[in-house]
Structures are given as structure tokens and as C-alpha cells.
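Below: one structure, written as C-alpha cells.
The values are calculated or read from the model by the stated rules, or taken from the named source; none is laboratory data. All of these numbers come straight from a predicted model, not from anything done at the bench. Glycine also receives a Cβ, built like all others from the backbone with ideal geometry; neighbour counts cover every protein chain displayed. Side chains included, ligands, DNA and RNA excluded: accessible areas come from the protein's heavy atoms. Shrake-Rupley method; radii C 1.70, N 1.55, O 1.52, S 1.80 Å.
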Amino acid sequence: MKHSVRFCWALFALGAAPASLAVTGKILPVEPNAEPTELGLAYNFDILVQNDESAVLTLEHMRVDFLDAQGALLLRREISGNGTSPNLQMITNRKLEPGEEHLYFNPFPRVPQRLSVARVTAQLEFSTPVENAPAHRLELSAAVSSRTATVVAMPLTGRVFVWDGHDELGHHRRWDYSIPFLKQLGFSSNGMRYSYDFVLVDEANAMSKPGAAKNEDWLIFGATVRAVEAGTVVKVVSAHPDDSSFDPQASLQDINALLGNYVVLDHGNGVFSAYAHLKQDSARVHAGDQVRRGQAIAAVGNSGSSNFPHLHFQLMNAPDMHGEGLPALFSDFQRVQGAQRVKVSRGAVDTGEVIVVR
């Protein structure tokens with residue numbers, strides 16, 4: 001089946017958009033990172049679009065190209081209205097009201113390791129409800145970052161379950177900072193883009209006692225949190241109770257407020273690590289302290305915007321959530337594969353995996 005919507009293009013020229021252009025946008029972060037994963041390289045960038053037209057615009061087609069350093073095409077992926085169950089239906093909020101801004105998550109993050117990607121481009125096509133009215137095409141481009149994933153130690157020891165990472169369906173990946181409420185609170189980026197929620201599990205992979213009713217019923221509650229690399233302590237919050245409570249308005253004073261109790265370390269070269277939802281009064285470090293890799297810095301709690309006791313961990317390029325997330329690789333762990341354990345000297349982890357750290 002072929003897509004039947006007729007388009008008369010209004011082209012978007014990068015860096016020189018005419019004032020009459022009806023739809024504008026940009027790729028964020030401005031230099032997308034390539035995260036090495038078990039399934040290939042992952043490019044977790046967003047496409048921020050604004051409708052500057054006086055009519056509703058509807059997304060009808062999206063294409064993402066991955067290019068080499070000479071601009072040659074390496075890989076092309078598309079979403080359209082083609083077929084009996086169009087993949088276009090997987091894109092939410094396709095309609096943009098006049099003046100509305102919306103964030104589309106790159107639906108094609110996975111690229112084979114063998115490809116050397118230097119640039120990504122995105123083309124989005126929008127229709128209007130007015131018969132015979134010209135539709136609009138938005139073309140965006142961004143050079144990928146030359147930064148490589150930072151290799152760090154795991155912040156926990158024991159049998160660790162990655163309850164949620166940042167795969168395509170993970171809630172960290174799907175942080176929509178274009179939502180008006182989040183914009184009002186000061187969010188304009190995704191510091192959680194490559195973050196993790198870790199829990200400890202037993203040999204049966206249970207996270208807690210049956211019918212867990214209190215924090216102490218969770219295996220991870222009170223577990224030691226360790227620095228993933230040497231660095232300087234730049235932020236410490238430790239007074240919040242372990243009650244899963246969070247006042248969103250607190251973000252206006254501290255953009256990190258949703259993390260509850262937390263510690264942030266500066267590792268140099270624009271890399272910061274954050275350890276969140278920590279146990280009340282468990283911080284063992286203070287701002288300005290120098291810490292070594294593997295040093296105990298706090299204990300796991302259930303503070304802030306937390307479903308249950310767990311450790312939220314992330315790397316980012318700033319000391320707070322105004323920054324952007326950075327990818328990490330972890331060193332010296334065992335990947336649990338059924339009855340087997342596979343030693344990994346350096347590797348990625350993501351949602352649903354069980355690993356063992358000594």
C-alpha cells in the first residue's frame with residue numbers, strides 16, 4: 001500500500017530559516033552521543049518541533065538518516081502511513097496545535113557497531129487540515145559527538161537487577177521536557193537520558209519480601225553506595241525522609257529535587273555522576289571532599305520521586321538536571337545468563353538484566 005497524502009513542500013534550510021516558515025525544530029542534544037550497547041550503537045536524541053502555523057499540523061512521515069564523515073548514507077529508517085497497521089501509529093501526539101511545541105523521541109536509535117556515523121539527519125513531513133493547502137517538510141541535521149562512553153565501576157555490589165535503564169521504552173529515556181509543566185519547573189534537557197534504576201535481588205531474582213509493606217522489606221534498603229570513579233563532591237542533600245514524597249515546585253529552588261537525597265561527584269572533563277533516592281542522613285561525604293573509586297559515600301533509601309527503595313544512578317555533563325545525560329560502560333562484573341555467569345571486563349547494561357558485582 002502506498003501513502004496517499006499529497007505534499008507541497010516548504011523546505012527548511014539549516015541556519016537560515018525564513019520568517020514565514022510554518023514549522024521549526026532542532027535535534028537535541030545538539031551533538032548526539034553514540035552509546036555502545038549489546039544491540040549496537042544507540043543514538044538517543046530527540047527532535048523538538050514547534051508549529052508556527054495558524055492551523056493544526058499533523059505528522060505524516062519521519063525519516064532518519066545516518067551519514068559518514070563524507071556525508072554518504074550509511075543507514076536510512078522511516079515511519080509512515082504505509083501498510084495495514086502503519087508504524088506511524090507508534091508516534092504519539094502527532095497533531096500540533098498552532099504555537100504548540102512537541103518532543104519526538106528518535107524512534108530509530110539502534111545502529112550496527114560496524115557503521116562509523118558522523119552525522120544524523122531527520123526529515124519530518126506535516127499535513128494541514130485545509131484542502132489543497134501546502135504541507136510542510138522539516139529537515140534537521142546534527143553532527144554526532146566525538147565523546148566516548150565513560151568507563152566506571154558499578155555503584156553497588158552483590159546481585160544487581162537493572163529495574164529500569166534507558167531503552168526505548170524506559171521512563172528515563174522518555175522524559176518529555178517539552179511538556180509545559182516541566183518547562184515551568186525549569187527543565188529543558190534530559191539529564192536522565194542514560195540513567196539506571198538499580199535494585200538488589202536474591203537468587204530467585206526477588207527484590208523484596210512477599211507483600212513488602214515497609215522500606216526494610218526491600219533487599220536494597222540501606223545498601224552501601226560507592227563512588228564509581230575518583231572525583232570531587234560538589235552537591236550533597238541528605239535530610240529528606242524515606243517516604244517516596246516529592247513536591248514538584250521544589251524544582252524551582254533545586255532542579256535536582258526529584259532525586260530526593262543525592263550526592264553529585266565531579267570527575268573532570270565535563271563528567272559528573274549522580275546517586276539518588278538515598279537514605280535519610282546516610283551521606284558520608286560533604287561538598288569539597290575528594291573521594292576515591294569504590295569509596296562508600298551513602299546508603300540506598302527511598303527519598304524523593306521514588307516508587308520503592310532503589311538506587312538511581314546517572315552520568316551527566318553538568319552538576320544538575322540542567323545538563324544532559326552521558327553514556328557509561330561498567331567494568332568488572334558478571335552478566336547472569338540463566339545458569340551461567342559471563343565475566344565482563346567492560347560493558348553496557350540496560351533494562352531487565354541481572355549482573356553480579358564483587
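Determine whether Asp202 is of a type in the set (D, E, K, R) and either farther than 23 Å from Gly347 by Cα or free of Cβ contacts under 8 Å to residues at least 12 places away in the same chain (or both).
Here the answer is no, as Asp202 does not meet what is asked.
Do we find a residue being at pLDDT 95 or above, acidic (Asp, Glu) and surrounded by 15 or more Cβ atoms within 10 Å (Cβ to Cβ) anywhere in region 169-176?
yes
Looking at this structure, is Pro134 surrounded by fewer than 18 Cβ atoms within 10 Å (Cβ to Cβ) and over 18 Å from the mean Cα position of the chain (by Cα)?
yes
Considering only region 209-220, I want to know if a residue exists there that is out of contact with any helix residue (DSSP H, G or I) (no Cβ under 6 Å at 6 or more places or on another chain), surrounded by 23 or more Cβ atoms within 10 Å (Cβ to Cβ), touching a residue at least 40 places away in the same chain (Cβ under 8 Å) and under 28 Å from Leu185 (Cβ atoms).
No, every residue in region 209-220 fails to be out of contact with any helix residue (DSSP H, G or I) (no Cβ under 6 Å at 6 or more places or on another chain), surrounded by 23 or more Cβ atoms within 10 Å (Cβ to Cβ), touching a residue at least 40 places away in the same chain (Cβ under 8 Å) and under 28 Å from Leu185 (Cβ atoms).
So which strands (runs of 3 or more DSSP E) are wholly in region 44-93 and hold at least 3 residues that are open to solvent by less than 30 Å² (accessible area, probe 1.4 Å) and touching a Phe, Trp or Tyr at 6+ places or on another chain (Cβ under 7 Å)?
Filter on region 44-93 gives 46-51, 57-67.
Could you count how many residues in region 266-304 are aliphatic (A, V, I, L, M) and in contact with a Pro (Cβ under 9 Å, 6 or more places away or on another chain)?
3
Kindly evaluate Val151 against the criterion of being under 29 Å from Ser208 (Cβ atoms), modelled with pLDDT of 95 or more and outside any loop (DSSP other than H, G, I, E, B).
When the stated conditions are applied, Val151 does not pass them.
Give the residues of region 289-305 that are in a loop (DSSP other than H, G, I, E, B) and either without any contact (Cβ under 8 Å) to a residue 40 or more places away in the chain or surrounded by 22 or more Cβ atoms within 10 Å (Cβ to Cβ) (or both), sorted by residue number.
Within region 289-305, Gly301, Asn302, Ser303, Gly304 meet the criteria.
Cβ-Cβ below 6 Å, separation at least six or inter-chain, first residue in region 265-288 and in a strand (DSSP E or B), second surrounded by fewer than 19 Cβ atoms within 10 Å (Cβ to Cβ) and polar (S, T, N, Q): which pairs?
So the pair list comes out as Asp266/Thr232.
Of the conditions (1) assigned to a loop (DSSP other than H, G, I, E, B); (2) surrounded by fewer than 20 Cβ atoms within 10 Å (Cβ to Cβ), Met321 fails just one. Which one is it?
Single failed check for Met321: (2).
Looking only at region 184-208, which residues are of a type outside the set (Ser, Thr, Tyr), surrounded by fewer than 18 Cβ atoms within 10 Å (Cβ to Cβ) and out of contact with any helix residue (DSSP H, G or I) (no Cβ under 8 Å at 6 or more places or on another chain)?
Listed by number, the residues that qualify are Gln184, Asp202, Glu203, Ala204, Asn205, Ala206.
Before we move on, is Asp266 in contact with a Gly (Cβ under 6 Å, 6 or more places away or on another chain), acidic (Asp, Glu) and either modelled with pLDDT under 95 or surrounded by fewer than 19 Cβ atoms within 10 Å (Cβ to Cβ) (or both)?
Answer is yes for this residue.
For Leu329, only one of the following conditions fails: (1) farther than 19 Å from Val160 by Cα; (2) open to solvent by 10 Å² or more (accessible area, probe 1.4 Å); (3) under 19 Å from the mean Cα position of the chain (by Cα). What is its number?
That leaves (1) as the condition not met.
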